[in-house]
Structures are given as C-alpha cells and as structure tokens.
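Have a look at the structure below, then the notes.
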Amino acid sequence: MDPIEFLLSLEVLGMKFGLENMRRLCSALDHPELAFRSVLVAGTNGKGSVTAMVSAALYASGRRVGRYTSPHLLRLEERFVIDETEVDTADLRAAAGQVQRAVQTLLDRGELEGPPTFFECTTATAFELFRRAGVDIAVLEVGLGGRLDATNVVTPVAAAITSIDVDHQAQLGSTIAAIAREKSGIVKPGVPVVVGPLPQKADAVVAETCQEHGAPLIRIGRDVSVEAALRDGLTFVSIATTSRRLRNVRLALTGRHQASNAAVAVALLDQLSRVGLEIEDEAVVTGLSAARWPARLERLRWRNCDVLLDAAHNPAGARALADYLREARWSDVTLVFGAMRDKDVSGMLKELLPLCAVVICTTAQSPRAMRSTELGEISVELAGSTVRVETIPEPRVALARACELERSVVAAGSIFLIGPLRDILR
C-alpha cells in the first residue's frame, strides 16, 4: 500500500489514548524525536495560533524549524511544515513509508498493543520528517488533551497551555478541573510552562502540577502583561515580559483573543532564549506579524459577497468569534453552520444566533458530522422566530445560497466544514 494511503487508512480506527504504542514506534524508528529540541503547545483553543507564531519567529531568527499541527483543512501535507513551507509530497511519502515499515515489523513481532492510530502514525511521521530535514527545533501542537497524547513522548525545552475550556468531554472529562488535569499532563520536571488566562479551577490544577514537578510557571496577566486594540479589522498588541517590551505590534492573526495567544508565544520565545536559542525582538515581531494560520477569522470575497471563515468548533471558540463580529460591527449576518455530533452544538449556536438574520445549516464532510436537518431543528428551537433557518445538506450549495441573500456571510462550526469551503472560495 502507498505510504500516504496507509496513513489515511488508519483514520477509521478513531482515537486511542496511551503512550505505549507511541514509545515502541519511536524506538523502532531509532528515536527520531530525540534528534531535535522541541516545544509542546496544548490548550482547548489557541494552540494552533501559538504554534504558528512561535514557528514563524524561530524561522525569522535563522533557525531551521519544524511545525506539526492538526487537523488539516484539506490536505495531509498541511500538518508538516519545515521553515514555514509545507513538506513536499515525495518527502512525506518517504517518511511515512519508514513509519509504515516500522509498524509492520512491530505488528509481526506482536510488540504493539494493537494497530496504531492515524494520529500516532502522523506524529511519528512528523518526527521522522524533522529528523531527515535536520531541524534545530520543532514546535508541536498537542492533538487532544496532553497527558496521553502521542506528542507527549517528547521532553520539550518549554511548554504552553493556551486555554482550558469545556470540549472533548468524552475523552477528557466533564469538568474544568478534570480537563485541566489531562492538559497539565504535558508538564515535565524542570521544564518551564507558559499558561494563558485560565479559569480559577484550571489554574489551580496547573499550578499544583507545576509545583509537583518543579516546573517554572509563567502566567499571562501576572508575569506577562498584554494590551490589545482592534483597528480597521486588525489586531494590535503591546506585550511586556521580564526581558522584552514590544509596542503596537500588528498581528497577522485577527481578533482580540489573539492578544493572549501572542503573549503566550512571546513568553515561550523568552524561555527558549534562556536555553541558548537567542531570539531578537525583530524576529519575535516578525513571528507575530507574519504567522500564517488559515481559516481563523479569515476574510475572503466570493460572488460579490464578503465571507468570513472561522474554525470555531466549541462554545469558547464561538464566543471569541461572536466578540470579534460585535467589535467589527458585523450584525444580521447569514451564518453557514455545520458541526460534529460530539460537539456542544447548542452552546455554539447560543453564542452566534444573536448576530444572525439567517442560519443555513449544512452537513460537514465527515462521518462524524451532524446532519443539516438535525442542526436545523436545534437552531429553530433556540432562535424561535427571530432568525430564519434553512437546511441545505451540501456545503457548496449552502454557501452559494448564503451569498444570494446579499448579507455578510460567516461560516463556522467545524474545521471539516471550513476546509472544503475555503477551497471553494480560493
């Protein structure tokens, strides 16, 4: 089987928590994860943005840097970035082939607890790609949780938890404290941890975990100050840490919520400077102002219609989107909405419906997607007669219908919806 097809074939196995398979797979590959230094970024929301900012700053400082994120919008290659450029398909195929052979050897020997998951194998592929490319450092986005996530086989030189909110309750627990315990599983002895603004119960759990491991804890808002302003749809920040002061920096990523993400990124970069990776202010500013992270408050024009794409897929993300729309004075919008069955659909819609004149419910391109008719029923129940609700199963047709209504269009609810829509719009 072609190595890339092999990776994609593993998606049907779903999720599996635990590090034993990942450790054995890394061992069979002769530990590619030890060939470079790493930064580990966890969080309910914002971890991808922080990963992108840190990676861009490290590259601007002259380092050879790998970046691993998930999920992808449209193509598998998006997950693997070296020096701010997606890997070539041929290189991905070669590294995935090495992982495929290692998996088969382990299975033949009976040394795996079961078939490895898609995420375990893509993570191992990222490690192999980065080793082959000779990166100095890799910035790794945690997939889900932290404690038992496949990325957590590394011992990073610094780590971050961007935010903690309710999401993935079936895997992480139903309370903020339980979710915080899973995410704080990335804390390692002596390794500094930067945290964004956290709920009190989550902060207490993370602080306790850091204390147990002797890990320095750097809090945004206490140890790092940040101020933000939104002007003409752009976000500007001023950030002060113990070692640098940045003033009026324009962020590449839009939204007031990106200010705390930028502060986390700057604090992480400070910690890297303390372990010998000196990063000048100019490179930090470049990272903040040039980071690329598509489909996060991304504005596009299609058929004479303004369309705002956002990958918000939980209530906290929807709240950030709603706050941005209010600040940008977008109201009475048409919302194209699709979501997964395991998400808090009502929680997302409660945040977004007050800003909508029309909601068009559609079915995202995933076996886990909630059907447009089910989404429509929930929308009608929440909105009553204040918002018109339509159901159109096919996302492309839903987008075209939205643009016919001559209102600004917002698309949100799932990355499995936003990725294909972005491909249409571009």
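The values are calculated or read from the model by the stated rules, or taken from the named source; none is laboratory data. On a predicted model such as this, the values are computed, not experimentally measured, just so you know. Using ideal geometry, Cβ is built from the backbone for each residue, glycine included, and neighbour counts are taken over all protein chains shown. Calculation scope for accessible area: heavy atoms of the full protein, side chains included, ligands and nucleic acids excluded. Shrake-Rupley method; radii C 1.70, N 1.55, O 1.52, S 1.80 Å.
Yes/no per residue for (1) among the polar types (S, T, N, Q); (2) closer than 30 Å to residue 373 by Cα; (3) in contact with a helix residue (DSSP H, G or I) (Cβ under 6 Å, 6 or more places away or on another chain):
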| position | (1), (2), (3) |
| --- | --- |
| 250 | no, no, yes |
| 279 | no, no, yes |
| 320 | no, yes, no |
| 330 | no, yes, no |
| 351 | no, yes, yes |
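Of all the numbered requirements in (1) touching a residue at least 60 places away in the same chain (Cβ under 8 Å); (2) not in a helix (DSSP H, G or I), residue 400 misses one, and that requirement is (2).
Taking the numbered list (1) within 22 Å of residue 423 (Cα to Cα); (2) surrounded by fewer than 22 Cβ atoms within 10 Å (Cβ to Cβ) in turn, residue 90 passes all entries but (1). Is it true that some residue in the stretch 5-17 is buried (at least 24 other Cβ atoms within 10 Å of the Cβ) and either at pLDDT below 95 or assigned to a strand (DSSP E or B) (or both)? For the stretch 5-17, residues buried (at least 24 other Cβ atoms within 10 Å of the Cβ) and either at pLDDT below 95 or assigned to a strand (DSSP E or B) (or both): absent. Restrict the check to the stretch 179-192 and report whether at least one residue is modelled with pLDDT under 95, part of a loop (DSSP other than H, G, I, E, B) and either of a type outside the set (Val, Ile, Thr) or under 13 Å from residue 44 (Cα atoms) (or both). Within the stretch 179-192, none of the residues are modelled with pLDDT under 95, part of a loop (DSSP other than H, G, I, E, B) and either of a type outside the set (Val, Ile, Thr) or under 13 Å from residue 44 (Cα atoms) (or both).
Table: residues versus (1) crowded, with 16+ Cβ neighbours inside 10 Å; (2) more than 25 Å from residue 45 (Cβ to Cβ); (3) touching a strand residue (DSSP E or B) at 6+ places or on another chain (Cβ under 7 Å).
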residue	(1), (2), (3)
317	yes, no, no
328	yes, no, no
334	yes, no, yes
340	yes, no, yes
345	yes, no, no
352	yes, no, yes
359	yes, no, yes
368	no, no, yes
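The set of residues in the stretch 22-53 being closer than 17 Å to residue 130 by Cα, assigned to a helix (DSSP H, G or I) and either open to solvent by 10 Å² or more (accessible area, probe 1.4 Å) or of a type in the set (A, V, I, L, M, F, W, C) (or both) consists of 22, 25, 26, 27, 28, 33, 34, 52.
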